[in-house]
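S.K.: Take this structure first; my questions come after.
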Amino acid sequence: MLPGDENGAVNGADPQVLCADHIVDVDLKSIVLVMNDKKYECELCGKADAVEVAPLSELFEAILQTLNFIYGTSDDELLRENEGGNYHGPDMTAADVVRVLCGQVFSDDVSALCLDIVANAIENATNGKLFTNLPALLDTADLVWKRDKLTELVKEESRFVIVQQLQASIGPVSRTPSPPVLLGRLLGELVSFGEHHLNLVKQLPEGTEVYRGRLVNRRDEIDPPTIEKLGPPLGRHAAANRMSPAGISMFYAAEDVQTAIAEIASHDIKPMAMMGTFQLKKVLWVLDLTQGVSPFRARSYEDILKIYFLQHFEEALAAPTIPDSASHDQIDYAPTQIVTEYIRWASETPVDGIAFRSSQTSCKNYVFFAGPEKTKEDFDLTEVALYDVYRSAEGRKREA
Ligand SMILES: [Zn+2]
């Protein structure tokens, strides 16, 4: 049992609450948020007139529910091997699983304390049992969502995706789907989940400004700096990137000029940047992965796997590209390129691009599915400015 009765009250007293602001996971916050006329005292910071609060009992319940999609208790009868032996698998304490699931849930200043409070509550609610990952226990044949599966298929089996399997009129029916068919299914379910369940497709209004540019050695190197010269290259000049293979031109940009400079400056050493402001001439739609895809939106274990896949996909998009690594370009970028092409050509809701977080500044990056011609149709170049580029040689010790 969780502490408190179903209204969260203990012995008729006020329920124990946190200020809602201590929760930074937007989805979890929306599940547990209560707004009152009454004022409450926060268990954490002691603020006495909190109005937007999260009752602790509801917070514990929401976390435990999601936790149950991912973990089982490892001494559960179901989890024992059939022949009566004890379960031999990875064991995790309540503190372990809470750290994994809730590491990004609370604001930094209170995170450690909150994780302790939640871990204690979960430990009480589950009588101190140990947890184990469900994938270790379930039939792995159904776990096609394991993110490694798609990566493995793309890297080692097929770059060809069959979006709908055609009914074969003659010939034997193959029992196992071929890699292109399997890829089509995986991508179809994944993208549909992102669009419909998570509502990740967002509108960019007409007039929105994004930034992109080129590094230069001299101020007159790009003269005049036109939309053709600052926009995406012609296909034959387009280099391989995380989202686009060599030869397919896409429009990479950022929501602010400093992010755009940081992104291009990580590839080259030229001292200046000629930056363009590109303004949208019409509404565009993007699959926005930057809002955070929280596991607390899941309603099943399969949802959890899809959410983790999308998180991993965004991390892969944001990871810095490594110059001069031809074989990496070919193989390591293939999975993100295939997912991007699927989103571009085959998603149910047509989208014009993808938004993801920059690893350089944490602001928003965009890739628009536009080569030079479409860029001129969709954008105006409204301003051009020259920047000196400062690079830091600051070192930061790696975490072990
Ligand atoms: Zn507080």
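S.K.: Which whole-Hz couplings ³J(HN,Hα) result when phi for each residue of the stretch 224-232 is put into the Karplus expression 6.51 cos²θ - 1.76 cosθ + 1.60, θ = phi - 60°, listed in order with x for Gly and Pro?
M.R.: My calculation for the stretch 224-232 gives x, x, 8, 5, 5, 7, 9, x, x Hz in order.
S.K.: With a point put 7 Å past each Cα toward its Cβ, work out how far GLU348 is from GLU123 in nm, to one decimal.
M.R.: 4.5
S.K.: Taking amide H atoms as placed 1.01 Å from N in the peptide plane, list the residues 5 or more away in sequence, or in a different chain, whose amide H sits under 5 Å from that of ARG357.
M.R.: Here ASN365 satisfy the definition.
S.K.: Net charge within 10 Å of LEU33 by Cβ-Cβ distance, Lys/Arg positive one each and Asp/Glu negative one each, not counting LEU33 itself?
M.R.: Computed value for this residue: -1.
S.K.: Moving to a separate point now. Can you work out the FRET efficiency for the pair ARG396 and ILE269, with r the C-beta to C-beta distance and R0 = 25 Å, to the nearest 0.05? Could the numbers behind the result be given before it?
M.R.: Values: r = 20 Å, r/R0 = 0.82.
Efficiency for this residue pair is about 0.75.
S.K.: So which GluC sites (Glu not before Pro) in the stretch 177-269 pass both tests, a DSSP loop state and at most 13 other Cβ atoms within 10 Å of the Cβ?
M.R.: Listed in order of number, the matching sites are GLU206.
S.K.: Among the trypsin sites (Lys or Arg not before Pro) within the stretch 339-391, which fall in a DSSP loop and have no more than 11 other Cβ atoms within 10 Å of their own Cβ?
M.R.: Listed in order of number, the matching sites are ARG391.
S.K.: What ranking of HIS197, HIS237 emerges when the number of other C-beta atoms within 10 Å of each C-beta is taken as an exposure proxy, fewest first?
M.R.: Lowest count first: HIS237, HIS197.
S.K.: I would also like to ask the following. Cross-link candidates for LYS374: which aspartates and glutamates have Cα within less than 20 Å, leaving aside residues fewer than 8 places away along the same chain?
M.R.: GLU206, GLU209, GLU228, GLU255, GLU341, ASP352, GLU383
S.K.: Related question: Under a straight-distance cross-link criterion of Cα-Cα below 30 Å, which lysines are reachable from LYS29, leaving out those fewer than 8 residues away in the same chain?
M.R.: Leaving aside lysines fewer than 8 places away in the same chain, those within reach of LYS29 are LYS38, LYS39, LYS47, LYS129, LYS146, LYS202, LYS306, LYS364.
S.K.: Nearest 0.05, what FRET efficiency do PHE160 and GLU377 give at R0 = 22 Å with Cβ-Cβ as r?
M.R.: 0.15
S.K.: Long-range amide H contacts for TYR71: which residues qualify at under 5 Å (H placed 1.01 Å from N, peptide plane, sequence gap of 5 or more or a different chain)?
M.R.: Those qualifying (amide H under 5 Å, at least 5 residues apart or on another chain) are LEU134.
S.K.: Then there is this: Could you give the alpha-carbon Rg of the stretch 201-388 over 2.2 N^0.38 Å, rounded to two decimals? Working shown, then result.
M.R.: Details: Rg = 16.6 Å, N = 188, 2.2 N^0.38 = 16.1 Å.
Scaled against compact globular proteins, the figure is 1.03.
S.K.: Another question, then. Kindly write out, for the stretch 198-211 in residue order, the coupling ³J(HN,Hα) from the Karplus curve 6.51 cos²θ - 1.76 cosθ + 1.60 (θ = phi - 60°), rounded to whole Hz, with x marking Gly and Pro.
M.R.: 8, 6, 8, 7, 10, 8, 9, x, 3, x, 4, 10, 10, 10
S.K.: Which far-off residues, 5 or more places away or on another chain, put their amide H under 5 Å from the one on PHE379, with H placed in the peptide plane?
M.R.: Amide H neighbours of PHE379: LYS281.
Only the coordinates and a few stated rules stand behind these numbers; no lab work does. Everything numeric in this text was worked out from a predicted model, so none of it was measured. Cβ: placed from backbone, ideal geometry, glycine included. Neighbour counts: every protein chain shown.
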